[in-house]
Amino acid sequence: MEQRHLGRTGLRVSRIGLGTLTWGRDTDENDAADLLKVFWEAGGSLIDTADVYGGGEAEYLLGRLIERLVPRRDLVIATKAGSVPDPDRRFDGSRGHLLSALDASLARLGTDHVDLWQLHAFDLATPLDETLQALDIAISSGRARYAGVSNFCGWQLAKAATWQLAGTGVRSPLASTQMEYSLLQRGIEREVLPAALDLGVGLLPSSPLGRGVLTGKYRHATPADSRGASEHMAPFVAPYLDDAASRIVDAVATAADGLAATPLQVALAWVRDRPGVVAPIVGARTAQQLTAALSVESLSLPDEICGALDDVSAPVHHYPDQDWSTL
């Protein structure tokens with residue numbers, strides 16, 4: 001698998017990442033082992049997790065599989081901290097919480113460092129410089145090699161990245177931002193992606209297949225074994241089952257027919273090769289699904305197909321999101 005640099009850093013990662021959102025909950029150890037082995041054998045290196053996935057079980061499960069199946073040195077492990085199971089405070093970006101969370105993640109993962117440590121979300125209740133100081137401490141102490149953010153809107157990303165570049169003292173530049181991005185969700189193109197491109201922050205798209213909808217599996221009905229039929233995941237899929245999404249999915253299916261490919265391959269190739277994208281994070285449930293996603297490595301979409309998909313899925317950009325000279 002082709003490797004790409006993560007932002008303006010020397011860290012290289014596979015251009016498809018493996019997500020672990022369902023590990024320890026819907027994905028048991030046997031299935032997780034199959035996924036990891038298939039991914040590694042295909043040349044994949046970037047594994048994305050978080051301290052809250054499965055209540056910590058995703059990290060614990062990944063830690064059990066490291067070395068037993070895949071050498072630690074072959075993986076780029078990315079995890080996140082900051083989300084908390086508190087109905088009164090969903091995010092905690094305090095320095096104390098973040099560093100304690102990192103130590104707990106390392107214990108579950110069974111490693112002395114993570115390659116990429118990400119803030120899971122922006123905490124409005126904590127001064128940003130305190131939150132970012134936790135990233136600097138993690139890197140200077142050797143517990144993390146690189147730092148990134150997740151779910152930061154445009155001004156939040158720009159403020160954080162600029163602080164790390166221009167602040168006094170030893171600062172660690174942001175390497176990445178992880179955001180939902182697909183043909184069904186192009187909202188980050190308004191402000192987040194331009195900020196990331198300007199500041200040298202690599203984009204790691206989550207849900208690059210539109211929460212599974214872009215595979216075409218929901219075109220005529222909801223499969224009984226799909227996330228859309230799952231009690232706890234159905235609300236996650238539902239927003240992309242409307243008429244607007246259906247038109248985009250139909251266009252993807254048409255493009256796939258013309259290329260003798262699958263809708264999954266077309267949708268994933270589109271987002272993988274967008275400007276600023278480093279590695280879409282794929283959250284497959286089975287080894288068969290992952291193999292299908294990894295088969296996109298050999299596919300590059302023709303310009304005319306990309307243009308058609310751009311047009312059918314184009315988000316509405318008005319003042320002040322576009323160049324004033326065109327208004």
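Once you have the Kirkwood Rh of the range 224-285 from its Cα pairs, apply Stokes-Einstein at 4 °C and 1.567 mPa s and quote D in µm²/s.
Working: Rh = 13.4 Å.
Translational D for this selection: 97 µm²/s.
What span do the alpha-carbon atoms of the range 1-118 cover on each of the three principal axes, reported in whole Å from largest to smallest?
43, 36, 22
Two decimals is fine: what is log10 I(q)/I(0) at q = 0.24 Å⁻¹ for the range 153-265, from a Debye sum with one equal scatterer on every Cα and no solvent?
-1.22
Accessible area per residue of the range 189-327 at 1.4 Å probe, in Å²?
Per-residue value: 49 Å².
Quick check on packing: order 18-25, 205-212 by the mean number of other C-beta atoms within 10 Å, highest mean leading.
205-212, 18-25
Run the numbers on the range 105-224 and let me know its relative contact order in percent, using alpha-carbon pairs under 8 Å that are six or more apart.
This gives 22 percent for the range 105-224.
How would you order 125-133, 170-178 from highest to lowest mean count of nearby Cβ atoms within 10 Å?
Working: 125-133: 16.0, 170-178: 22.7.
Result, highest mean first: 170-178, 125-133.
Given a cut-off of under 8 Å on Cα pairs at least six residues apart, what relative contact order in percent is computed for the range 1-160?
18 percent
Which percent, nearest 5, of DSSP beta bridges in the range 39-174 are antiparallel?
If I count the DSSP bridges inside the range 39-174, around 5 percent turn out antiparallel.
Could you give me the percent of Cα pairs per 10 Å distance bin for the range 94-165, shortest bin first, beginning at zero and ending with the bin that holds the maximum distance?
Percent of Cα pairs in each bin: 20, 56, 22, 2.
Mean-square fluctuation check for the chain, GNM, Cα pairs under 10 Å: which of Arg108, Arg143, Arg219 is largest?
Of the options given, Arg219 has the highest mean-square fluctuation.
Which aspartates and glutamates have a Cα lying under 15 Å from the Cα of Lys159, excluding residues fewer than 8 positions away in the same chain?
Asp123, Asp129, Glu130, Glu191, Asp198
Can you say what percent of the DSSP beta bridges in the chain, counting only those with both residues inside, are antiparallel? Round to 5. Let's see the in-between values first.
On the way: 5 of 33 bridges.
Antiparallel bridges: around 15 percent, rounded to the nearest 5.
Ignoring ligands, DNA and RNA, what accessible area per residue does the range 103-157 give at 1.4 Å, in Å²? Could the numbers behind the result be given before it?
Values: 2010 Å² over 55 residues.
Heavy-atom accessible area per residue stands at 37 Å².
What percentage of the solvent-accessible surface of the range 116-245, computed with a 1.4 Å probe over protein heavy atoms, is contributed by carbon and sulfur atoms?
The C+S portion of the solvent-accessible surface of the range 116-245 is 54 percent.
What's log10 of I(q)/I(0) for the range 207-259 at q = 0.30 Å⁻¹, Debye sum over Cα points only, no solvent?
Computed log10 I(q)/I(0) values: -1.26.
What do you get for GluC sites (Glu not before Pro) in the range 225-304 restricted to DSSP loop and a cutoff of at most 11 other Cβ within 10 Å of the site's Cβ?
Counting only loop positions with at most 11 other Cβ atoms within 10 Å, the GluC sites (Glu not before Pro) in the range 225-304 are Glu231.
With 14 Å as the cut-off, how large is the P(r) tail for the range 263-310, expressed as percent of Cα-Cα pairs?
Pairs farther apart than 14 Å: 51 percent.
For the range 109-217, what is the convex hull volume of the alpha-carbon atoms per residue, in Å³?
On the way: hull volume 12.6 nm³, N = 109.
Each residue corresponds to 116 Å³ of Cα convex hull volume.
Which value, in nm² and rounded to one decimal, describes the direction-averaged projected area of the C-alpha convex hull of the range 187-327?
9.8 nm²
Just add up the charged neighbours of Pro173: K/R +1, D/E -1, any other residue whose Cβ is under 11 Å from the Cβ of Pro173.
Summing Lys and Arg as +1 and Asp and Glu as -1 gives +1.
Rg and Dmax of the chain, using alpha carbons, in Å: what are they?
19.3, 59
The values are calculated or read from the model by the stated rules, or taken from the named source; none is laboratory data. Values in this document were obtained by computation on a predicted structure and should not be read as measured data. Cβ sites come from the backbone with ideal geometry, for glycine too, and all protein chains shown count toward neighbours. Just the protein is used for accessible areas: all its heavy atoms, side chains included, with ligands, DNA and RNA removed. Shrake-Rupley method; radii C 1.70, N 1.55, O 1.52, S 1.80 Å.
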